[in-house]
Amino acid sequence: MKIIVLATLLFTISSSFAAEMYGGVSFHSSVPVDQMNIMKSDIDYLYKKPVIDPDIDFLKLADIPRAEGPYLHNWLLNRMRFIISENFDLNKNLTRKFFHRFPKTPNVDLGKLNSYSEVAADEASNPTIIMSNTGGLLYITGKRGGTLLGLKYDDQKIMAPSTRVGIVQIGAGLFLERFMINDQMLSSANTISRLGTYFHEARHSDGNSKHTGFVHEKCPLTHPYAGYAACEKSANGSYSIGAYSERHFYRNCTDCSTADKGVLAVRMIDSINRIVNPSFFLQRAQLETNIKSYQGIVDSFENNLRVTEDETQRKKYERQIEMLKSAIVDAKAELERINALDVPVLLDATPEGDYKVLSLVDTMKTMEPAK
Amino acid sequence: MKKIILSLAALLIIGFLFWRGTQTTFSPEPQSSKTKVVSDSPVKNPSLEAIPKLDSENLNPELLKTLESLPEIEDIQALSAEEVHHTPEIVIEAGKKIGEIMEEAEENPESREEVMNFLVSCSEGENILPSVRALCYRNVLDKVPAWNIFVPVADLKVTKEVQSLSSSIP
């Protein structure tokens with residue numbers, strides 16, 4: 001009897017320190033229940049939300065074959081698998097394995113590495129952690145030191161032989177009211193905002209050689225974020241993927257208010273503004289949007305010109321129409337020039353190291369109800 | 001005789017005052033006028049509508065207060081590295097304010113002229129953060145045809161950077 005009681009007690013204790021799984025994502029026991037439940041809701045939204053208007057740019061940049069939920073879930077799950085909380089003690093739970101053979105590729109620049117780790121752990125300034133890709137940092141740091149690093153994660157050890165290990169740390173900042181779009185935590189707008197952050201961090205699980213982890217770059221002197229490691233040079237880095245993923249969900253949001261969309265839009269623009277060397281790919285997309293906007297205004301002004309009798313006002317319309325048409329012609333010429341070029345526009349996102357790719361079938365199984 | 005002179009003087013004064021009163025001073029149509037409300041009816045002559053002067057001085061106190069509260073480039077430099085890693089709170093706050101203004105304008109058509117005034121001022125604000133300017137400019141481009149308000153779009157002092165950013169929003 002005593003043995004049964006002891007065994008039950010031990011089992012209960014060990015279970016309370018076991019990770020919980022949902023949709024293929026493992027939540028460390030340190031993750032608060034309310035945060036975990038919000039993320040579960042986000043995973044459901046990602047998987048189940050019908051797609052009416054896919055964002056083609058997003059699919060191209062992230063190299064996702066289709067826009068439906070299961071494909072997006074598969075992409076995310078291949079890059080974000082283990083969630084730890086901000087209270088997780090990284091130093092205390094660090095584990096090492098010597099004599100690991102890392103790929104013989106160049107390392108990420110040390111300067112960039114320092115800026116990468118600022119967000120991951122800066123105890124001196126006590127930051128509000130939103131989210132950070134701890135797995136990427138473990139791999140890059142381990143490779144530099146020649147030692148495979150990992151974490152003691154509840155009842156298992158997770159080593160980082162690739163950035164694709166997918167360990168991500170979340171913090172209270174991800175759920176703070178002042179960063180929210182509106183005051184409904186589980187609203188579509190707030191879910192979209194968090195999903196954008198997930199996709200941003202997940203992208204840090206990609207890349208190889210000098211751009212392993214798609215680490216951020218210092219913003220140039222003329223940039224609003226001058227001096228901060230808050231920019232990127234490639235069109236398919238984390239800020240880009242985060243922004244375009246939000247744009248995809250924004251397009252398909254059927255219950256986002258005008259006010260919600262204003263906030264989501266400024267988040268997108270803020271992220272895209274951090275791409276300091278926009279590729280021809282992005283320039284192409286932007287030119288197409290400009291042409292469409294200007295044409296809409298020209299059509300509107302031409303309609304009004306037909307019914308306006310006042311000569312002064314007519315001249316104003318005519319002048320604007322002429323200038324906008326000229327801008328459209330210039331934009332079309334630039335678009336033609338860009339289309340004629342044959343240049344590589346995106347960084348190779350293939351990760352390096354040892355990792356397993358989860359198939360669509362694998363990840364769809366994780367969303368099936370437990371039997 | 002004195003009475004005649006006084007009467008004549010009185011008449012002259014009255015006449016002078018009457019003549020002054022008929023000299024009407026017309027304010028010239030402002031050269032910098034940028035918006036004009038175009039009537040929904042194709043028959044009504046738009047030129048008869050009042051043409052408001054488009055600048056920030058013409059904003060109601062609430063909109064002016066919002067315009068002045070929009071984040072500037074120097075505000076970003078005062079933030080910490082952690083605060084700028086993701087979209088800073090001050091940028092999100094600006095998005096909320098602009099979003100609420102747009103929502104209000106959708107529900108109240110009579111406020112659209114002034115809101116357009118606000119959006120143009122925001123788009124042209126040299127010190128305002130480019131991402132916020134881009135949001136305003138995007139709204140200008142979308143709402144000029146939707147609200148049927150004339151804005152000399154091609155003359156707006158909007159940088160290429162802001163134009164480019166604004167086209168990122170679907």
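Would you mind finding the one in A:Ala229, A:Ala265 that is small (Gly, Ala, Ser), open to solvent by less than 10 Å² (accessible area, probe 1.4 Å), on the phi < 0 side of the Ramachandran plot and under 18 Å from the mean Cα position of the chain (by Cα)?
A:Ala265
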### Message
So, A:Glu368, is that one more than 9 Å from chain B (Cβ to nearest Cβ), surrounded by fewer than 15 Cβ atoms within 10 Å (Cβ to Cβ) and either in contact with a Lys or Arg (Cβ under 7 Å, 6 or more places away or on another chain) or modelled with pLDDT under 95 (or both) or not?
### Response
yes
### Task
Among the residues of segment A:252-270, write down those that are within 7 Å of chain B (Cβ to nearest Cβ), touching a residue at least 24 places away in the same chain (Cβ under 8 Å) and polar (S, T, N, Q).
A:Ser257
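Take B:Asn127 and tell me if it is on the phi > 0 side of the Ramachandran plot and surrounded by fewer than 22 Cβ atoms within 10 Å (Cβ to Cβ). Please lay out each step first, then the result.
Details: on the phi > 0 side of the Ramachandran plot: no; surrounded by fewer than 22 Cβ atoms within 10 Å (Cβ to Cβ): yes.
Taking the combined requirement at face value, the residue does not satisfy it.
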### Message
Looking only at segment A:63-101, count every residue that is within 23 Å of A:Ser238 (Cβ to Cβ) and aromatic (Phe, Trp, Tyr) and tell me the total.
### Response
4
### Task
Assess whether A:Asn236 counts as being more than 8 Å from chain B (Cβ to nearest Cβ) and either open to solvent by less than 20 Å² (accessible area, probe 1.4 Å) or under 30 Å from B:Trp147 (Cα atoms) (or both).
yes
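So is A:Glu246 surrounded by 21 or more Cβ atoms within 10 Å (Cβ to Cβ), of a type in the set (D, E, K, R) and modelled with pLDDT of 95 or more or not? Quick ask: steps written out before the conclusion?
Working: surrounded by 21 or more Cβ atoms within 10 Å (Cβ to Cβ): yes; of a type in the set (D, E, K, R): yes; modelled with pLDDT of 95 or more: yes.
So A:Glu246 passes the test.
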### Message
Exactly one condition in (1) farther than 16 Å from A:Asn273 by Cβ; (2) open to solvent by 30 Å² or more (accessible area, probe 1.4 Å); (3) more than 10 Å from chain A (Cβ to nearest Cβ) is false for B:Lys160; which is it?
### Response
(1)
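Being more than 7 Å from chain B (Cβ to nearest Cβ), assigned to a helix (DSSP H, G or I), in contact with a strand residue (DSSP E or B) (Cβ under 8 Å, 6 or more places away or on another chain) and among the aliphatic types (A, V, I, L, M) narrows it down to one of A:Leu305, A:Leu282, A:Leu287, so name that one. Break it down into steps so the answer makes sense when it comes.
Numbers: A:Leu305 fails: in contact with a strand residue (DSSP E or B) (Cβ under 8 Å, 6 or more places away or on another chain); A:Leu287 fails: in contact with a strand residue (DSSP E or B) (Cβ under 8 Å, 6 or more places away or on another chain).
Only one candidate qualifies: A:Leu282.
Answer yes or no as to whether A:Ala202 is open to solvent by 20 Å² or more (accessible area, probe 1.4 Å), of a type in the set (A, V, I, L, M, F, W, C) and either touching a Lys or Arg at 6+ places or on another chain (Cβ under 6 Å) or assigned to a helix (DSSP H, G or I) (or both).
On the way: open to solvent by 20 Å² or more (accessible area, probe 1.4 Å): no; of a type in the set (A, V, I, L, M, F, W, C): yes; either touching a Lys or Arg at 6+ places or on another chain (Cβ under 6 Å) or assigned to a helix (DSSP H, G or I) (or both): yes.
No: the conditions fail for A:Ala202.
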### Message
Consider segment B:73-83. How many of its residues are over 31 Å from the mean Cα position of the chain (by Cα) and within 7 Å of chain A (Cβ to nearest Cβ)?
### Response
3
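Examine segment B:78-95 for a residue that is of a type in the set (Gly, Ala, Ser), in contact (Cβ under 8 Å) with a residue 24 or more places away in the chain and open to solvent by 10 Å² or more (accessible area, probe 1.4 Å), and state whether such a residue exists.
The first filter runs over segment B:78-95 and keeps only residues of a type in the set (Gly, Ala, Ser), leaving B:78, B:80-81, B:94-95.
Then keep just the ones that are in contact (Cβ under 8 Å) with a residue 24 or more places away in the chain; that gives B:94-95.
Cutting the leftovers down to open to solvent by 10 Å² or more (accessible area, probe 1.4 Å) gives us none.
The answer is no, given that none of the residues of segment B:78-95 is of a type in the set (Gly, Ala, Ser), in contact (Cβ under 8 Å) with a residue 24 or more places away in the chain and open to solvent by 10 Å² or more (accessible area, probe 1.4 Å).
Looking at segment A:65-97, which of the residues that are open to solvent by 60 Å² or more (accessible area, probe 1.4 Å) and touching a Gly at 6+ places or on another chain (Cβ under 8 Å) is farthest from A:Leu149 (Cα to Cα)?
Step one: filter segment A:65-97 for residues open to solvent by 60 Å² or more (accessible area, probe 1.4 Å), giving A:65-66, A:68, A:71, A:86-87, A:89, A:91-92, A:96-97.
Then keep just the ones that are touching a Gly at 6+ places or on another chain (Cβ under 8 Å); that gives A:86, A:96-97.
On the way: A:Glu86: 19, A:Arg96: 5, A:Lys97: 6 Å.
This residue is A:Glu86.
Would you call A:Asp310 open to solvent by 10 Å² or more (accessible area, probe 1.4 Å), away from chain B (no Cβ under 13 Å) and acidic (Asp, Glu)? Before you say what the answer is, go through the steps one by one.
Values: open to solvent by 10 Å² or more (accessible area, probe 1.4 Å): yes; away from chain B (no Cβ under 13 Å): no; acidic (Asp, Glu): yes.
Considered against the rule, which asks whether it is open to solvent by 10 Å² or more (accessible area, probe 1.4 Å), away from chain B (no Cβ under 13 Å) and acidic (Asp, Glu), A:Asp310 comes out as no.
Checking the condition modelled with pLDDT under 95, touching a Gly at 6+ places or on another chain (Cβ under 6 Å) and within 14 Å of another protein chain (Cβ to nearest Cβ), which residue from A:Ile56, A:Ile130 passes? Spell out how you get there, then give the answer.
Values: A:Ile56 fails: touching a Gly at 6+ places or on another chain (Cβ under 6 Å).
After applying the criteria, what remains is A:Ile130.
With respect to A:Leu149, is the statement that it is touching a helix residue (DSSP H, G or I) at 6+ places or on another chain (Cβ under 7 Å), open to solvent by 10 Å² or more (accessible area, probe 1.4 Å) and outside any strand (DSSP E or B) true?
Working: touching a helix residue (DSSP H, G or I) at 6+ places or on another chain (Cβ under 7 Å): yes; open to solvent by 10 Å² or more (accessible area, probe 1.4 Å): yes; outside any strand (DSSP E or B): no.
No, not satisfied.
Within the group A:Ile181, A:Ile241, A:Ile192, which residue is part of a helix (DSSP H, G or I) and either closer than 30 Å to A:Asn107 by Cα or more than 12 Å from the chain's Cα centre (by Cα) (or both)? Show your work before the answer.
Numbers: A:Ile181 fails: part of a helix (DSSP H, G or I); A:Ile192 fails: either closer than 30 Å to A:Asn107 by Cα or more than 12 Å from the chain's Cα centre (by Cα) (or both).
Being part of a helix (DSSP H, G or I) and either closer than 30 Å to A:Asn107 by Cα or more than 12 Å from the chain's Cα centre (by Cα) (or both) holds for just one of A:Ile181, A:Ile241, A:Ile192, which is A:Ile241.
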### Query
Which one of these is part of a helix (DSSP H, G or I), in contact with a strand residue (DSSP E or B) (Cβ under 7 Å, 6 or more places away or on another chain) and more than 9 Å from chain A (Cβ to nearest Cβ): B:Arg112, B:Arg133?
B:Arg112
### Task
Report whether or not B:Ala154 is of a type in the set (A, V, I, L, M, F, W, C), at pLDDT below 95 and more than 24 Å from A:Asn290 (Cβ to Cβ).
no
### Message
Could you check segment B:58-77 and list, in sequence order, the residues that are of a type outside the set (A, V, I, L, M) and without any contact (Cβ under 8 Å) to a residue 60 or more places away in the chain?
### Response
B:Asn58, B:Asn60, B:Pro61, B:Glu62, B:Lys65, B:Thr66, B:Glu68, B:Ser69, B:Glu72, B:Glu74, B:Asp75, B:Gln77
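Consider segment A:319-341. How many of its residues are open to solvent by less than 80 Å² (accessible area, probe 1.4 Å) and in a helix (DSSP H, G or I)? Can you show your working first?
Taking segment A:319-341 first, the residues open to solvent by less than 80 Å² (accessible area, probe 1.4 Å) are A:320-321, A:323-324, A:326-328, A:331, A:333-335, A:338, A:341.
So of that shortlist, the ones also in a helix (DSSP H, G or I) come out as A:320-321, A:323-324, A:326-328, A:331, A:333-335, A:338.
Number satisfying all stated conditions: 12.
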## Note on the structure
A:Ile297 passes all but one of the listed conditions (1) open to solvent by less than 30 Å² (accessible area, probe 1.4 Å); (2) free of Cβ contacts under 8 Å to residues at least 24 places away in the same chain; (3) of a type in the set (Val, Ile, Thr); the exception is number (2)
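The values are calculated or read from the model by the stated rules, or taken from the named source; none is laboratory data. The shown structure was predicted, so the numbers you read here are calculated from the model rather than taken from an experiment. Every residue, glycine among them, receives a Cβ derived from its backbone with ideal geometry; neighbour counts consider all protein chains shown. For the accessible areas, the whole protein counts, side chains as well, though only heavy atoms, and no ligand, DNA or RNA atoms are used. Shrake-Rupley method; radii C 1.70, N 1.55, O 1.52, S 1.80 Å.
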